[in-house]
Amino acid sequence: MKGFLEERSDARIEFLPIKLLDQKDRLVPEPYSLLNVLGVVECVDLEKSKYMRSAIDPNFIARFFLLVLDEDRIPLAPRVRVCQALLARDPEAFPAALLELLERHGAWFRARAGTLQARAPSFELERAVCVEGLALLRLAALHELSADQEAEYPLLPSIARLS
């Protein structure tokens, strides 16, 4: 689960190593981590949600019986923004969203340089070329989105693009 979240999550998270003891107070050998969410978005619709406040600190919610989110307060991930721009055939929003997606892709690989993940056979290729970005650029062309198909985008080398 940790590897999946590290690889796929757009959320700002960190994993803090923890030690677990079994029922006999022996150290559990597998590595365990505590997931800490770094970026919190205040998006709960308190008027529509049903919840119970903490008896210790009424500023905190102890339990939700019905959780309703205000979607307008949730920032969209770059992947969602680029898909929305593609579906709307928006020639201004698509390149901007694509660039943001490519920057996130590059940042993810830069953060993992020198780690065990960097030893994977596909790491260097995926670090240099964003296949997802190539596919999105091709979809834009197929849907006659007037985004500049000849533009230079980071991680989308022209030699890798389909004509």
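With (1) at pLDDT 85 or above; (2) within 28 Å of ALA88 (Cα to Cα); (3) among the basic types (Lys, Arg) as the list, and ARG161 as the residue in question, which single condition is left unmet?
(1)
Take segment 117-135 and flag every residue that is over 22 Å from LEU98 (Cβ atoms) and hydrophobic (A, V, I, L, M, F, W, C).
If the condition is that a residue be over 22 Å from LEU98 (Cβ atoms) and hydrophobic (A, V, I, L, M, F, W, C), then ALA118, ALA120, PHE123 are the ones that fit.
Here are the criteria: (1) loosely packed, with under 10 Cβ neighbours inside 10 Å; (2) at pLDDT below 90. Tell me which single one LYS2 does not satisfy.
Going through (1) loosely packed, with under 10 Cβ neighbours inside 10 Å; (2) at pLDDT below 90 one by one, LYS2 breaks only (1).
For segment 62-78, how many residues are more than 12 Å from ALA11 (Cα to Cα) and either part of a helix (DSSP H, G or I) or more than 25 Å from the chain's Cα centre (by Cα) (or both)?
8
Would you please name the residue that is nearest to SER9 (Cα to Cα), looking only at residues in segment 24-35 that are surrounded by 10 or more Cβ atoms within 10 Å (Cβ to Cβ) and modelled with pLDDT of 90 or more?
Among residues in segment 24-35 that are surrounded by 10 or more Cβ atoms within 10 Å (Cβ to Cβ) and modelled with pLDDT of 90 or more, the one nearest to SER9 (Cα to Cα) is LEU35.
Could you figure out which of (1) surrounded by 10 or more Cβ atoms within 10 Å (Cβ to Cβ); (2) touching a residue at least 12 places away in the same chain (Cβ under 8 Å) isn't true of SER9?
The number of the failed condition is (2).
If we scan segment 2-18, do we find a residue that is hydrophobic (A, V, I, L, M, F, W, C), assigned to a loop (DSSP other than H, G, I, E, B) and closer than 30 Å to ALA135 by Cα? Break it down into steps so the answer makes sense when it comes.
Start the filter on segment 2-18 by keeping residues that are hydrophobic (A, V, I, L, M, F, W, C), which leaves 4-5, 11, 13, 15-16, 18.
If we keep only those that are assigned to a loop (DSSP other than H, G, I, E, B) too, we end up with 11.
Among the residues that remain, those that are also closer than 30 Å to ALA135 by Cα are: 11.
Checked segment 2-18: at least one residue is hydrophobic (A, V, I, L, M, F, W, C), assigned to a loop (DSSP other than H, G, I, E, B) and closer than 30 Å to ALA135 by Cα.
The values are calculated or read from the model by the stated rules, or taken from the named source; none is laboratory data. In this text, all values refer to a predicted model and were calculated from it rather than measured experimentally. Cβ: placed from backbone, ideal geometry, glycine included. Neighbour counts: every protein chain shown.
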